[in-house]
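A.B. asks: Structure provided below as structure tokens; questions to follow.
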Amino acid sequence: MRKIFVTGGAGFIGSAFVRLVLAGQPEIHIVDYDALTYAGNLENLSGIDESRHDFIKGDICDRESVLNAVPSDCDAIFNFAAESHVDRSILSADEFLRTNIIGTQVLLDAARAKNVRRFVQVSTDEVMGSLPDGSDEFFTEDSPLQPNSPYAASKASAEFVVRAARETHGLDTVITRCGNNYGPRQFPEKLIPLMIANAMNDEPLPVYGDGKNVRDWIYVDDHCRAIWLAFEKGKAGEVYNVGARNERENIDVVRSLLDALAKPHSLIKYVEDRLGHDRRYAIDPSKAENELGWKPQVTWENGLASTISWYRENQAWVEHIRSGDYRDYYDKMYAARLNASGSTQA
Ligand code: NAD
Ligand code: DAU
């Protein structure tokens, strides 16, 4: 058995990665290390092969705990653990800087101390800022890092500490930068699951600004396959952008969801915009396609249909989250916006 150390494996993308690796790589044993913050959920790991999966509850900023948890014969650390929601970083940035920067440094130090073969940092296209509306520009691996939100700044800083570990200590590192993921088990603070959950409950769908911001959507399993290939085939020290060439305006995404759920467009409410709202993300994934042999396998239509089915069939999962601290967060983020909003548009 080859051992890998996965952080954030009880979150949305981390748990999809754990499922994919356990299903497709029979020689791999996973040590899954997660603090179980509001976003971490052991229900996300239900039904997996426990014989090849050890779960450890721990904080990536806790140096001693991390050093104890990383196995001595470890092939790779995959760092998914992060504070991941832009809106929360606008409310308060502290936890983003702690987990996303300090936590990454602690993991890099542990990788060196334990002679881990490769360190894979799961980064994001948001580190490259925003592209002009309607332009034919794309993010490439050479795009400058120009983060605009506290979340993006913390993820860009994490990339810098990864780079420093490579340049200073010669650690074998690879960075992936992906666009907006969607799929089962995404926490309903993010656009697609929030809109599905609200629509299923006949609640208003809060669209920021004019709804014309563009995101480049990818099905979560396609992202996870790219991360695995970056580990197996990526060149040390390189960055790989990951995207499915699937740009969509937010309002079109929201309308598609309402149509699929047979709910009226009158549920849409245009609300006050997000501060510093990035206008457009669009990724050129040529390098990952050419060097890793990666291609997305799931079309937008199929991915969206299976995502909606999952949320329909797992309403208990959604309601469990919506009945807890989430309600306070939702009120803080949306109550004033929705009260102020007079604009309902189909
Ligand atoms: P998520 O918020 O669903 O999950 C994050 C996980 O990390 C949770 O399980 C949480 O408990 C854990 N965690 C948080 N702080 C921790 C800490 N201090 N110690 C240990 N565990 C901790 O996030 P996600 O959407 O699954 O994103 C995973 C990674 O992928 C993040 O690094 C994110 O920046 C990156 N990413 C996300 C997207 C996207 O569209 N969601 C796109 C590109 C990159
Ligand atoms: O691009 C990759 C990034 O995608 C990841 O690094 C982040 O972890 C992930 O959260 C995501 O960031 P975004 O800010 O793009 O995702 P979010 O789902 O929060 O918002 C998507 C778009 O929808 C964005 O333009 C804001 C808008 N939006 C979002 C919410 C939650 C709304 O209009 N209304 C909402 O209620």
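The values are calculated or read from the model by the stated rules, or taken from the named source; none is laboratory data. As the structure is a computational prediction, the values presented were derived from the model and not from experiment. Here Cβ is always computed from backbone atoms with ideal geometry, including for glycine, and neighbour counts include all displayed protein chains. Heavy atoms of the whole protein, side chains included, go into the accessibility calculation; ligands, DNA and RNA do not. Shrake-Rupley method; radii C 1.70, N 1.55, O 1.52, S 1.80 Å.
A.B. asks: Among the residues of the stretch 36-63, write down those that are crowded, with 19+ Cβ neighbours inside 10 Å, in contact (Cβ under 8 Å) with a residue 60 or more places away in the chain and under 16 Å from Asn100 (Cβ atoms).
C.D. replies: Across the stretch 36-63, the qualifying residue is only Ala39.
A.B. asks: Within the stretch 9-23, restricting attention to residues that are in contact (Cβ under 8 Å) with a residue 60 or more places away in the chain and outside any loop (DSSP other than H, G, I, E, B), which residue is nearest to Asp325 (Cα to Cα)?
C.D. replies: Phe12
A.B. asks: Quickly run through the stretch 64-75 and pick out the residues that are touching a helix residue (DSSP H, G or I) at 6+ places or on another chain (Cβ under 7 Å) and open to solvent by 30 Å² or more (accessible area, probe 1.4 Å).
C.D. replies: Result: Leu67, single match.
A.B. asks: Note down all Cβ pairs under 7 Å where the first residue falls in the stretch 190-210 and is closer than 18 Å to Tyr329 by Cα and β-branched (Val, Ile, Thr), the second is at pLDDT 95 or above and within 16 Å of ligand 1 (Cβ to nearest atom), and they're at least six residues apart or on different chains.
C.D. replies: From the stretch 190-210, the pairs are Ile192/Tyr182; Ile192/Gln186; Ile192/Val253; Ile192/Thr307; Ile196/Tyr311; Val207/Asn250.
A.B. asks: Among the residues of the stretch 294-309, count how many are of a type outside the set (Val, Ile, Thr) and surrounded by fewer than 17 Cβ atoms within 10 Å (Cβ to Cβ).
C.D. replies: 7
A.B. asks: If you don't mind, there's one more thing I want to ask. State yes or no: is Val106 in contact with a Lys or Arg (Cβ under 6 Å, 6 or more places away or on another chain) and either open to solvent by less than 30 Å² (accessible area, probe 1.4 Å) or of a type in the set (S, T, N, Q) (or both)?
C.D. replies: yes
A.B. asks: Could you pull out the residue among Tyr270, Tyr219 that is away from ligand 2 (no atom under 12 Å from the Cβ), open to solvent by less than 40 Å² (accessible area, probe 1.4 Å) and in contact (Cβ under 8 Å) with a residue 60 or more places away in the chain?
C.D. replies: Criteria check complete, one pass: Tyr219.
A.B. asks: Just a yes or no: is a residue in the stretch 189-211 open to solvent by 10 Å² or more (accessible area, probe 1.4 Å), modelled with pLDDT of 95 or more, within 14 Å of ligand 1 (Cβ to nearest atom) and of a type outside the set (S, T, N, Q)?
C.D. replies: Within the stretch 189-211, one or more residues are open to solvent by 10 Å² or more (accessible area, probe 1.4 Å), modelled with pLDDT of 95 or more, within 14 Å of ligand 1 (Cβ to nearest atom) and of a type outside the set (S, T, N, Q).
A.B. asks: Kindly indicate which of Asp284, Asp252, Asp325 is modelled with pLDDT under 95 and either within 16 Å of ligand 1 (Cβ to nearest atom) or open to solvent by 10 Å² or more (accessible area, probe 1.4 Å) (or both).
C.D. replies: Sole residue among the options that is modelled with pLDDT under 95 and either within 16 Å of ligand 1 (Cβ to nearest atom) or open to solvent by 10 Å² or more (accessible area, probe 1.4 Å) (or both): Asp325.
A.B. asks: Here's a follow-up. Cβ-Cβ under 6 Å, sequence separation 6+ or interchain: first residue in the stretch 79-93 and within 12 Å of ligand 1 (Cβ to nearest atom), partner small (Gly, Ala, Ser). Which pairs?
C.D. replies: Listed by first residue and then by second, the contacts come to Phe80/Gly8; Phe80/Gly14; Ala81/Gly8; Val86/Ser149; Ser89/Ser149.
A.B. asks: Quickly run through the stretch 202-226 and pick out the residues that are among the β-branched types (Val, Ile, Thr) and either touching a Leu at 6+ places or on another chain (Cβ under 8 Å) or not in a helix (DSSP H, G or I) (or both).
C.D. replies: Selection gives Val207, Val214, Ile218.
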